[in-house]
Amino acid sequence: MKSTVASATALLLALSGSPGAAKPVVDTAYPYTGPDVPVGDWVNPTVKGYGKGFPRLIEPPAVKPASANPSNNINVISLSYLPGGINIHFQTPFGLGEAPSVLWGTRPDRLYRRATGTSHTYDRTPPCSAAAVTQCSQFFHEVQLRHLRPGTRYYYQIQAANGTTESGVLSFDTARAAGDPTPYSMAVLADMGYTNAGGTYKQVLRTVDDDDVAFVWHGGDLSYADDWFSGILPCADDWPVCYNGTSTHLPGAGPVPDEYKTPLPAGEIPNQGGPLGGDMSVLYESNWDLWQQWMNKITKRVPYMVMPGNHEASCAEFDGPGNVLTAYLNHNKANATAPRTNLTYYSCPESQRNFTAFQHRFHMPGAETGGVGNFWYSFDYGLVHFIALDGETDYANSPQKPFARDLKPGETHPTPGETSVTDSGPFGTVKGSYDDNKAYQQYKWLAADLAKVDRRKTPWIIAMSHRPMYSSEVSSYQPRIRAAFEDLLLQHGVDVYLAGHIHWYERLWPMGRNGTIDRKAIVDDHTYMTNPGKSMTHLINGMAGNIESHSTLSEDEILDITAVVDQENYGFNKLTVHNATALTWTFVRGDGGIGDELTLIKKKPGRRGGGDSKHRYGGPGVLFQ
C-alpha cells in the first residue's frame, strides 16, 4: 500500500508541475477517442461555419493588423499586477520567432526603455492554422515591468515580430503602495460569459472609461468555453434554459432578452443553449478566443485579476438527455445517443483538460507571491490586502478531484471509468493525507500569507474564491470549503469573503462559524461592523451574466442567513475603499441602476485590526474618523 500511495503521488506531482508556477500537463495514459475537432453544431460541424447552422461570432482583435491578409497578429492584451510592477500578457496565433518585447516609459512620446519576456504555447484543438488569423490565439507572451513607482501612470507599446503589427501606445497605472490612504474603487464580478452579460460589460467598461475603477477582480468562470456543446443538448426538465426562438424559456421572473427571441437556425433543435449555440461559439477554444477579444477594451487598460472556477477545468461538466455528448466525445458518433452517461477525464481532447487554457491565457502573481500560478496569490493595493484562493482544487474533498481520490486499493493509476471529466490538480504539493487540509500547499501558503499582513498598512483583508461558504442555495461543497479555509480566515481577522458560482447577487448577514449570524455586527440593513475573529461579511457575485442565466429559488426557500438576494438582474459589484475604517459595496445592475449597497465599518486599526475605536457612524453616506 505504501508503494501505491507513493506512485500515485508521483503521478499527481508530475501532472501538477512545480510549486509557484503550475504547469498545464495532462495525463495521456489512455487515448482520446472523440472527433478531431469537437463542434457543437450538428447542422454545420465545421470550424468556420460558412453561413450555416449556428453563427460564428467575430470580435475585433486587440491590434488592427496593418495589412488586409496578415500572417500573424496580436489578438489579446491583458494586464495584471506584480509586486512592484506589472505583467503585460498578449496572445498571437503563431510564434514570434524571438523574445516578446515592449517599449515603455512615463510619457507616451518617450518610450525609451525596452523590456523582453517569454512565450509559451499548447497544442490547442483546433490549431490556429485552421482558424482565422485575427480570431485565434495559440502563443502566449509575458513581459514583466518591475521596480516601478507605485500609483504612477506608465505607457507601453508592444513591438511587432514575425508578421504582427505593433500595438498603439497604451497605458496602465501601477498599484498604490500598501498603506496609501487615497480612496479608490475597483470592480468585482464572477461567472461572466457573453450571453446575458452585455449590460455588465457596458457598465464595467463605462467605469474604466471614466477612470472610476483601478482594476477588475474576476472570481472564476470566465468565458463559459465549456458550454460550447449547449446547442446540441436537447432541453431537459431539470435544466431551466430552453432556447426555442420565440417560445424560449429562462429561469426567473425577468423578461426574456431579445437575443433569445432570434429564431432557431434552419435545422437546429430546441436546446439548452442560446442563439450562438455555445456562449459565444460552438467550439471550446473559440469561446475563449472571442471572449478575450471582446474584453480587450477593459483588459488592456486596467489590470484584470482572475482565479479559477469550475468552468475552466475541462471541455465539459455533464451530459444531457440521451447522453449525446458521451456518444460524441467517447465514440466519435455525431447526433447520436448512448445508453448511459460516461464522461471521463479522457473524454476531452488533451488540450482541454486540467485547466490548460486557463493556465496559458492569463498570468497572475502566484509565483511572485509564494502561491501557485493563476490558482492562489495575493497582492496589496492601498489599504487592502487581497487574497485569491482556489476553490476548485487543492484542498480536502475539493469539487474537482485529483486522481488520488479515484484510486481503488492496490491501484497506482485510475482506469478511465474511475475518473471524472473535470478531474484536475493538485497544482501544489500535498505532504500527507489528501483528507487533511493542512497537508496542502495552498493551506500552508494561506496561513503564511495571512501571518505576514501588517494591519497598520493594510487594515482591510478581502479574500475571494469561486465557491461560497454559505448561501440560501445550499450545496455539499459548502461545508468542505468552510473546513478548508474558514477557521484560518477568521483567526486572522479577515473582513470579507467574496465568491461567485451561484448565478445571482446575494448578500449574507455577517457570518460566524457553523452558519451563525453575528447579530452584534449588524448596525442596520445596509451597514455592518467588522468583528475580527468572530465573523466575516460574505457576498456572492455570480450575476455578471452567461448562457446558463440566473439561479432561482422560491421566496420560502430563502434562508434567514440571507439579507438580500436578486434573481433577476445582472451586473457587478463596485467596491469603494474610503479609508482605514470604512468601505462600501455597490451592486451596479446591467441597466446602470443600483441593486444594493452595503457599508462596512471597523474600529481604528492596530497591528491585528483591534484596539480602541474613535470611529463613529453618522448614518447612510456619512463616514467619520
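Between HIS147 and THR46, what is 0.36 nm times their sequence separation minus the Cα-Cα distance? Round to one decimal in nm. All intermediate terms of the calculation are to be shown ahead of the outcome.
Numbers: separation 101, 0.36 × 101 = 36.36 nm, distance 4.76 nm.
Length difference between fully extended and current span is 31.6 nm.
Over the residues of the chain, the helix contribution to mean residue ellipticity at 222 nm works out to -4000 deg cm²/dmol, using -39500 (n - 2.57) for each DSSP H run of at least 4. Counting Lys and Arg as +1 and Asp and Glu as -1 over every other residue whose Cβ lies under 12 Å from the Cβ of GLY371, the net charge comes to -3. Within the same chain, lysines fewer than 8 places from LYS64 are excluded, and of the rest, those with a Cα less than 29 Å from its Cα are LYS48, LYS52, LYS202, LYS297, LYS300. Among ARG153, ARG56, a tally of other beta-carbon atoms within 10 Å of each Cβ gives an order, fewest to most, of ARG153, ARG56.
When peptides 506-512, 286-292, 45-51 are sorted by average Cβ neighbour count within 10 Å, with the highest value leading, the order is 286-292, 506-512, 45-51.
Given the chain, what percent of its DSSP beta bridges are antiparallel, to the nearest 5?
Of those bridges, close to 75 percent are antiparallel.
In this Cβ point-charge picture (+1 for Lys and Arg, -1 for Asp and Glu), the stretch 61-174 has a dipole of about 380 debye about its Cα centre. Ranked by how many other Cβ atoms sit within 10 Å of their own Cβ, fewest first, the residues ASP123, ASP226 fall in the order ASP123, ASP226.
Within the shell of other residues whose beta carbon sits under 15 angstrom from the beta carbon of ASP596, the net charge comes to -4, with Lys and Arg scored +1 and Asp and Glu -1. Sorted on the mean count of surrounding Cβ atoms within 10 Å across their residues, most packed first, peptides 158-165, 232-239, 132-139 read 132-139, 158-165, 232-239.
Need the full-extension length gain, VAL169 to SER476, defined as separation in residues times 0.36 nm minus the C-alpha distance. One decimal, nm.
Working: separation 307, 0.36 × 307 = 110.52 nm, distance 4.88 nm.
Full extension from VAL169 to SER476 adds 105.6 nm.
If you wrap the Cα atoms of the stretch 140-254 in a convex hull and average its projected area over all directions, you get 12.4 nm².
Report, as a whole number in µm² per second, the diffusion coefficient that Stokes-Einstein gives for the chain at 25 °C and 0.890 mPa s using the Kirkwood radius over alpha carbon pairs. Working shown, then result.
Working: Rh = 24.9 Å.
The estimated diffusion coefficient comes to 99 µm²/s.
Dimensions of the stretch 261-313 based on its C-alpha atoms, expressed as ranges along the principal axes with the largest first, amount to 42, 25, 18 Å.
How many angstrom lie between the Cα centre of the stretch 448-479 and the Cα centre of the stretch 106-135? For the stretch 448-479 versus the stretch 106-135, the Cα centre distance is 34 Å.
Each principal axis of the Cα atoms in the stretch 387-469 has its own extent, and those three values, largest first, are 53, 24, 18 angstrom.
Net charge within 10 Å of PHE403 by Cβ-Cβ distance, Lys/Arg positive one each and Asp/Glu negative one each, not counting PHE403 itself?
On the way: positive: LYS401, ARG405; negative: ASP27, ASP406, GLU411, GLU418, ASP423.
Result for the neighbourhood of PHE403: -3.
Cα convex hull, the stretch 61-174: 94 Å³ per residue, rounded to a whole number. Its Cα centre serving as origin, the chain has a Cβ charge dipole (Lys and Arg +1, Asp and Glu -1) of approximately 2380 debye.
Each value in this text was obtained by applying a stated rule to the coordinates, not by laboratory testing. These numbers come from a predicted model, not from an experiment. Methodologically, a virtual Cβ is constructed for each residue, glycine included, from the backbone with ideal geometry; neighbour enumeration extends over all protein chains shown.
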